[in-house]
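I have placed the structure first, in the form of structure tokens, so that the comments after it can refer back to it.
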Amino acid sequence: MSLVDDARSGIVTEEMRTVARQEGVTEDFIRRGVAGGHITIPVSPYRDVKICGIGEGLRTKVNASIGTSTDIVDIAMEVKKAKAAERAGADTLMELSTGGDFVEIRKQVIANTTLSVGSVPLYQAFIEAAIKDGAVVHMKEDDLFRITAEQAKLGTNFMAIHTGINWETVKRLRNQGRHGGLVSRGGAFMTAWMIHNEKENPLYSEFDYLVEIMKEHEVTLSMGNGMRAGAVHDATDRAAIQELLINAELADKAHAEGVQVIVEGPGHIPLDEIEANVILQKRVSNRKPFYMLGPLVTDIAPGYDDRVAAIGAAMSSSYGADFICYVTPAEHLALPTPDEVYEGVMSSRIAAHVGDMIKLKKTREADLEMGHARRDLDWERQFQVAMNPERARAIRAERMPADTDGCTMCGDYCALKIVNRHFSF
Ligand code: SF4
């Protein structure tokens, strides 16, 4: 029995109890959420992980994506990134290598994290075909499904699978065109394969088989976003909406079969289209957990894209997105370093919290505590409430004032000290 089957039969599992405790909600709220497809708890029969719930009524979760490229293959570095992401407080990790020994990299990353790990199995299928047969378009359909099952057996908890790309989606991509092209690697591989082979996407045409694999290995199916905009001027276009409609329908089908699902979203979106994207996604997917990739709200700040994405992520979370894929400062420029992974996770965690302050009012308690600690010049309490206490401590310690009550920002003219002498709040 899968978690969905248990939930439907009225069984509250240990995983549901854990999420209820973490989130401060009732166990039955979680059970009903899993049964209805509004909450997902990525698990794996092959590995114990730090349990985290994703979906309606829960804190917004943050994913960190790591992985090699064809240019930089350094397994030790990927393990460092996995550890940096976990140290920074990521809720999940996606291992998205496109270079080197896929199985060995994934094994080592999985062995070095307690987080749920996600993957995109088609990367391996397409890239192995390119190495063996000279081009990604020679990928064999059987290999795609075989690799999906093999990755599941390594203890992969969730998989982004590009089910929503079919001939209708490709037709809409063609007839509207794009300012920023197609930026999803999975989307590009699959579109090229379909056009070259004049065949339907096997992940769409053989969806029932894919669902069987997901169910057998209890993998959460993340409906991939291969048509996401890579430029704000392409946001909410026909191809993206077409893919969303297909993914939403397939997500219902997979969940009906007892598979946990997440629906992915864009991409690059200007601020004034984020609310519409969240409402649309939630509405057409019947309130499935929404995995927002960023979104980046401007295209002109390379080097700072973690902050650009944090603005979009805060807004999307406030409107109801449940799960955010982080962006690092190296986005659009290079493969990130472990330090950039750490920075990216922190930026996304801040965004998730800011969104949750609107979405789940109860999460404002920490801000209230910080307000009081600052008013009282209680530095120890401020560090305890801080999202990154080490960083806050280090900055203060480096530039301590002569008088330890205030700080070197205003020195002798510390507003709080002056008023606290004459006024009691
Ligand atoms: S010195 Fe200025 S910044 Fe520092 S605690 Fe006092 S009021 Fe705040």
Exercise for the section: Give, in whole angstrom and from largest to smallest, the semi-axes √(5λ) of the equivalent ellipsoid of the range 366-422, with λ running over the eigenvalues of the Cα gyration tensor. Expected result: 19, 16, 7
Practice task
Please name whichever of PRO121, ALA135, GLY55 sits farthest to the positive end of the charge dipole of the range 1-136, dipole taken about the Cα centre and charges placed at Cβ: Lys and Arg +1, Asp and Glu -1.
Solution key: GLY55
Problem - Anchor LYS359: lysines whose Cα lies under 19 Å away (excluding residues fewer than 8 positions away in-chain) - result: LYS61, LYS282, LYS288
Practice task
For a footprinting-style exposure proxy, rank LEU182, LEU173 by other Cβ within 10 Å, fewest first.
Solution key: LEU182, LEU173
Practice task
Calculate the spin-label point distance for ILE418 paired with ALA276, positioning each point 7 Å from the Cα along the beta-carbon direction, and give it in nanometres.
Solution key: 4.8 nm
Exercise for the section: Starting from the Cα of GLU104, step 7 Å along the direction of its Cβ; do the same at TRP167; then give the gap between the two resulting points in nm. Expected result: 4.3 nm
Fill in the blank from the handout: From DSSP H assignment alone, runs of 4+ in the chain each adding -39500 (n - 2.57), the sum over residues rounded to the nearest 500 puts [θ] at 222 nm at -16000 deg cm²/dmol
Exercise for the section: About the Cα centre of the chain, how large is the charge dipole given +1 on each Lys and Arg Cβ and -1 on each Asp and Glu Cβ? Please answer in debye to the nearest 20. Expected result: 860 debye
Exercise for the section: In vacuum, with every alpha carbon of the chain counted as one equal point scatterer, what does the Debye formula give for log10 I(q)/I(0) at q = 0.08, 0.10, 0.11 Å⁻¹? Two decimals, please. Expected result: -0.45, -0.68, -0.82
Practice task
Round to the nearest 0.05 the FRET efficiency obtained for LEU333 and ASN388 when R0 = 22 Å and r is the Cβ-Cβ distance.
Solution key: 0.40
Practice task
Nearest 5 is fine: what % of DSSP beta bridges in the chain come out antiparallel, could you say?
Solution key: 5 percent
Problem - Extended-chain gain in nm, criterion 0.36 nm per residue less alpha-carbon gap, THR114 and ASP403 - result: 99.7 nm
Exercise for the section: Just rank CYS414, CYS52, fewest to most, by other beta-carbon atoms within 10 angstrom. Expected result: CYS414, CYS52
Practice task
Step through the table entries LYS171/LYS253; LYS132/LYS153; LYS81/LYS199, compare each Cα-Cα distance with 26 Å, and write down the pairs that go over it.
Solution key: LYS81/LYS199
Practice task
May I ask you to compute the full-extension gain from ARG146 to GLU27, defined as 0.36 nm times their residue separation minus their alpha-carbon distance, rounded to one decimal in nm?
Solution key: 39.2 nm
Practice task
Provide the gained length on full extension for the span LYS362 to GLU212, in nm with one decimal, where the gain is 0.36 nm per separating residue minus the Cα-Cα distance.
Solution key: 50.1 nm
Practice task
Only Lys, Arg, Asp and Glu count, each charged at its Cβ (+1, +1, -1, -1), so figure out the dipole size of the range 1-121 about its Cα centre, rounded to 20 debye.
Solution key: 240 debye
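Coordinate-derived values only; no laboratory data. Because the structure is predicted, anything quoted here is derived from the model rather than measured. Methodologically, a virtual Cβ is constructed for each residue, glycine included, from the backbone with ideal geometry; neighbour enumeration extends over all protein chains shown.
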